[in-house]
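Asks: Here it is, the structure, as structure tokens.
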Amino acid sequence: MSNLDTRLRETFDRVAESTKVRRRADEIVQDRRRRPLPRFTVAVAAFAVVAGIFALPMLLGGSPTNDVAGGFAAPDEDTESSSPSDDATGGSTAPDHVAQGTTPPENSPVIIDPDWLTVEADDVAAFNEIPLPGDGERASLRSETVWCFYEEGRPIETRVSGVAVDQPISADDLTSTCATDADSTASDLSTDSMTVCRGVFDPAFYQEWASSGEYTVISGGVEGSHPGFPVILAWQADCNTQTVTSHPTITLTDDLSLDAVNRARQLELAAVAAAIQNCLSYDESQALASAIAGELGQQWMHTSMSGSDGLTGGCFQPFIDQQWGWVFTDIIRDEQPPPVTETTLAPTSP
């Protein structure tokens, strides 16, 4: 072997010793192996995929909103379900505003508890527990107002007495009340000789009231007939031709309906009891007053005191004024609402 061949071989050996050669198999395995992604990267990627699934249809024109009934409504259309929630045996439960994470619209109607229009045993008990100053037998209702006129002595305005609040009043109860509450100058009173009439304020006083701006008429009207109230004359007379001196001036007729008076008493008792056992908001009391006026009939007005709209705080109650023939709301307590009872329904959109 020549010296040249010897030097070349030595050179090749040095190069071979200093050079790393990767096997083809190693190159294939290394190139096909994926590096593991960090956990945060996986979460971001998953979110991006889900967001893309929901965002893409919206970008393409908006996805319809599935309503409670299973149909579809446009995104800007207000929908309400009148069907009750399905029970545990199957079906979907109607979501409320809290479950949906939204608040009910501001113009949602106020729903009253139907029990607020009926009289139950606990309502009577709550009413009879109203504390009275002095030795009164029970609290009275505004719808129990009666005017008594005497041949001797001044006329008086009083409330029916001697009758349980949950019992209907009769003509005898009215005359007995006027005989019992008579002025000391009245004498020789006999309930048999008394006359039961219906008194109605003259239209001029309704017009004067309407122009005062103290109240606003919500339903009903100043014009037309009004329910009237009991007026007892301590003598025998014809109501239709009899005149009496009073302020406001009244017109007498002989068509007093005791059924209508007792209906007003029943509704007022229910409203008073509801206000005792619940702290009614102004809107709830107004909704209840509107329902009461509807129950009483077209002769009645639903009114509100001017400037009272939007009152917040305190507890309110509907009042029935038998003399004027209207129902209105006023505050009765300035306190926070008590805990809701089991029989009270929430007054928000179902």
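Values quoted throughout were computed directly from the atomic coordinates according to the rules given, and no laboratory measurement underlies them. What you see is a predicted model; the values in this text were computed from it and never measured. Note: ideal-geometry Cβ built from the backbone for every residue, glycine included; neighbour counts use all protein chains shown.
Asks: Local charge sum around Asn262 (other residues, Cβ-Cβ under 15 Å, Lys/Arg +1, Asp/Glu -1)?
Replies: Summing Lys and Arg as +1 and Asp and Glu as -1 gives -2.
Asks: From the phi of every residue in the range 259-269, what ³J(HN,Hα) in whole Hz does the Karplus formula 6.51 cos²θ - 1.76 cosθ + 1.60 yield, where θ is phi - 60° and glycine or proline is x?
Replies: Each residue of the range 259-269 in turn: 4, 5, 5, 5, 5, 5, 4, 5, 5, 5, 4 Hz.
Asks: What is the spin-label model distance, in nm, from Asp122 to Thr312 if the labels are put 7 Å beyond Cα along the C-beta direction?
Replies: Roughly 2.9 nm, to one decimal.
Asks: Can I ask one more? Could you line up Met194, Met305 from fewest to most neighbouring Cβ atoms inside 10 Å?
Replies: Ascending Cβ contact count within 10 Å gives the list Met305, Met194.
Asks: What's log10 of I(q)/I(0) for the range 108-350 at q = 0.09, 0.10, 0.18 Å⁻¹, Debye sum over Cα points only, no solvent?
Replies: -0.42, -0.51, -1.40
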